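The values are calculated or read from the model by the stated rules, or taken from the named source; none is laboratory data. This is a predicted model, so every value here is computed, not measured. FYI the Cβ positions are ideal-geometry reconstructions off the backbone, even for glycines, and counts take in every protein chain you see. Note: accessible area is taken over every heavy atom of the protein model, side chains too, but ligands, DNA and RNA are not part of it. Shrake-Rupley method; radii C 1.70, N 1.55, O 1.52, S 1.80 Å.
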Amino acid sequence: MKEIILASNSPRRKELLGMLGLEFSVIPDNTPECIDQQLSPAEVVMALAKFKGDNVRKTLSKNRDAIIIAADTVVAIDGVVLGKPKSKADAEKMLSRLSGKSHNVYTGVYLIENLSGKSANFYEKTEVFFKNLDINEIKDYINTGEPMDKAGSYGIQNFGSLFVEKINGDYFNVVGLPVCSLGKTLTKDFGIKFF
């Protein structure tokens with residue numbers, strides 16, 4: 001069986017890929033990423049995932065039989081892409097903007113076979129509805145530290161779940177990896193069987 005490489009250090013992505021029963025190694029891409037605001041959110045996440053995957057592929061020996069999986073997640077509201085907060089004030093601004101509204105979470109996924117160069121690039125979109133947040137709730141949440149490494153300044157799988165009234169779409173996509181779409185692509189395009 002081909003080696004699987006996850007091009008991410010995200011604990012959430014490692015956990016989601018692990019629950020599929022796949023053995024994999026982790027080789028993160030630590031190149032600084034830049035979001036082009038001229039692109040749509042779907043184009044942004046697909047481009048960033050491809051960027052990460054291609055960077056990791058460049059570090060591998062040419063004869064390593066591996067499939068690289070790279071992903072990137074952003075939050076978008078009113079056409080504006082929200083990445084990870086740069087500061088507590090930035091997190092506060094993002095959470096205030098999401099309060100009482102719906103927003104979309106996009107995750108782009110890029111898979112590439114190291115030997116052949118065969119690849120797939122897709123995205124998943126999930127709509128998330130937030131309750132109204134008061135400023136003290138926002139500040140207390142930021143003080144947990146949880147928002148600081150998350151797109152849109154929240155994590156749906158932990159304390160951030162207290163803000164989510166409902167979602168429309170793939171829950172795992174909001175966590176950071178659209179498991180169903182990934183599984184379909186791995187089976188259909190790369191011949192990976194899960195059971």
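Observations
- Per residue, segment 41-195 exposes 46 Å² of solvent-accessible protein surface, assessed with a 1.4 angstrom probe and all protein chains in place.
- Here the calculated FRET efficiency for residue 54 and residue 171, from their Cβ-Cβ distance with R0 = 25 Å, stands at 0.30, rounded to the nearest 0.05.
- Shape call, segment 1-66: gyration tensor on alpha carbons, a/c limit 1.5: oblate
- Length released on extending from residue 131 to residue 188, taking residue separation times 0.36 nm less the Cα-Cα span: 16.7 nm
- Nearby lysines by direct alpha-carbon distance to residue 188 (threshold 19 angstrom, same-chain neighbours under 8 apart not counted): 2, 118
- Rough spin-label spacing in nm, given labels placed 7 Å along Cα→Cβ, for residue 149 and residue 102: 3.2 nm
- 3J(HN,Hα) along segment 61-72, derived from phi through the Karplus expression 6.51 cos²θ - 1.76 cosθ + 1.60 where θ = phi - 60°, amounts to 5, 4, 9, 7, 7, 9, 10, 9, 10, 10, 8, 8 Hz, with x in place of Gly and Pro.
- Charged side chains reduced to their Cβ positions (Lys and Arg at +1, Asp and Glu at -1) give segment 37-195 a dipole of some 520 debye around its Cα centre.
- Potential lengthening of the chain between residue 159 and residue 14 amounts to 50.2 nm, from the contour at 0.36 nm per residue minus the alpha-carbon distance.
- The aspartates and glutamates whose alpha-carbon is closer than 19 Å to the alpha-carbon of residue 93, local same-chain residues fewer than 8 away aside, are 78, 134, 137, 140, 146, 149.
- Computed label-point distance, nm, for sites residue 64 and residue 118 using a 7 Å Cα→Cβ extension: 2.0 nm
- Element breakdown for the chain at a 1.4 angstrom probe: carbon and sulfur atoms account for 51% of the accessible area.
- Cβ crowding within 10 Å averaged over residues, with 48-57, 164-173 ranked highest first: 48-57, 164-173
- Proximal charge balance of residue 188 [Cβ under 14 Å; K/R count +1, D/E count -1]: +1
- Taking Cα atoms only, the orientation of helix 88-98 departs from the longest principal axis of the chain by about 80 degrees.
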